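Written below as structure tokens is the structure these notes are about.
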Amino acid sequence: MVLLGAAGAVAAHAQTGRVIQRIELRAASTKPGGGVDQITITSAGEISLLSASGRRATGKAPAGTATALWQLMKNEGFDNWDKEYKSDTSDYVGKVLTVDFIGGDRTEIVLNRSEFPEFAHVVGAIKFLLALAMPEMATNRFFERL
Amino acid sequence: MTLQLPFGLTGDHIPEVTIRFRVASTKVMSGYDEIIVRGAGEVELQAASMADAEPAVRRANLPPAMVERLLGLLRAEGVEGWDEEYPSETRDYVAKLLTVERGDLRLKQVAMCRQEFAEFSRVYGALKLVASLATPEVLTGDFFQRI
């Protein structure tokens with residue numbers, strides 16, 4: 001199989017103990033009324049995008065890629081990250097990375113400062129997953145803050 | 001849609017493109033981990049315990065379209081404008097080397113010897129995801145020590 005597929009998904013489940021339902025990344029200005037860039041990826045690879053300017057788009061990533069993304073997040077230490085990284089200088093963009101699990105569990109990371117490397121690795125992987133589903137997303141022109 | 005690629009590359013060039021990403025300690029004789037993405041449709045992983053040791057190698061197929069998307073992301077993150085070297089600022093013991101080649105021609109090489117900036121990190125994350133889609137053990141911790 002070209003991508004992870006069912007075997008990879010089962011392996012991911014066995015290793016993580018939790019099964020993802022949805023991964024969401026939002027970026028917003030900390031100033032009022034700035035709008036929100038938002039990426040939502042379901043475990044089935046369905047992607048929905050909303051830009052701060054109100055544009056919307058949908059797409060579908062190849063089978064298994066959302067599970068691979070979650071594996072990467074685990075590999076980057078997601079489970080051990082703080083829940084909130086407060087602003088330490090003049091940071092005007094806040095990012096929220098949310099993972100919803102089947103059964104109702106949710107982990108949310110709020111980042112109000114520059115991305116630390118592991119967080120940025122995850123953002124890069126998310127952006128690549130978008131580019132797999134929608135080639136035009138590789139151009140960085142859809143969003144204002146992502 | 002035609003995706004804009006870096007370094008003047010076009011879709012026809014993809015099979016000739018190689019993207020290498022190596023992570024190594026700056027200590028003498030230290031080993032390394034490396035992801036090699038070939039536009040012809042292959043991912044190769046190398047892990048060496050010492051600089052002069054024979055690396056363990058894994059290979060897997062990869063759809064060439066993924067390489068094109070990866071190159072598009074590199075361009076979007078600004079790889080063409082990056083410096084060739086980011087020297088160590090403090091006690092940084094890990095060096096990362098990103099290389100893009102077309103055939104025998106080196107198009108770009110970036111040596112990162114300090115904390116990554118966000119754009120570099122995003123490319124790193126994308127490369128890891130690409131490699132893991134072909135070879136899931138990239139993320140299991142069983143193969144790489146540094147990536």
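Where a number appears in this text, it was derived from the coordinates with a stated rule and is not lab data. Just so you know, these numbers come straight off a predicted model, no measurement behind them. Cβ atoms come from the backbone with ideal geometry, glycine included; neighbour counts cover every protein chain shown.
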Extent along principal axes [Cα atoms of the stretch B:1-55; Å; largest to smallest]: 45, 20, 14
All-pairs alpha carbon distance profile, the stretch A:29-84, 10 Å steps from 0, percent: 21, 33, 37, 9
Inside 10 Å of the C-beta atoms of B:130-138, what's the mean count of C-beta atoms belonging to other chains? 5
Only Cα pairs under 8 Å and at least 6 apart count here; give the relative contact order of chain B as a rounded whole percent. 26 percent
Averaged over peptide B:139-145, how many Cβ atoms belonging to another chain are found within 10 Å of each residue's Cβ? 3
Could you pull the Rg and Dmax for the stretch B:67-121, using just the Cα atoms, both in Å? 12.0, 36
What ratio of Cα Rg to 2.2 N^0.38 Å holds for chain A? 1.03
Mean projected area (nm²) from the convex hull of Cα positions in the stretch B:39-79 is 3.9 nm²
Which whole-number percent gives the relative contact order of chain A, counting Cα pairs below 8 Å spaced six or more residues apart? 26 percent
Shielding by partners - mean other protein chain Cβ count within 10 Å, residues of A:114-121: 6
Could you check how many percent of all C-alpha pairs in the stretch B:18-115 are farther apart than 24 Å? 27 percent
Here the tail fraction of P(r) beyond 35 Å, over all Cα-Cα pairs of the protein assembly as shown, rounds in percent to 14 percent
Apply 1/(1 + (r/R0)^6) to the Cβ-Cβ distance of B:Arg106 and B:Thr2, taking R0 = 25 Å, and write down the FRET efficiency to the nearest 0.05. 0.50
Label-point separation in nm, A:Thr98 to A:Arg113, each point 7 Å along Cα→Cβ: 2.4 nm
With +1 on each Lys and Arg Cβ and -1 on each Asp and Glu Cβ, how big is the dipole of the stretch B:26-145 about its Cα centre, in debye rounded to the nearest 20? 220 debye
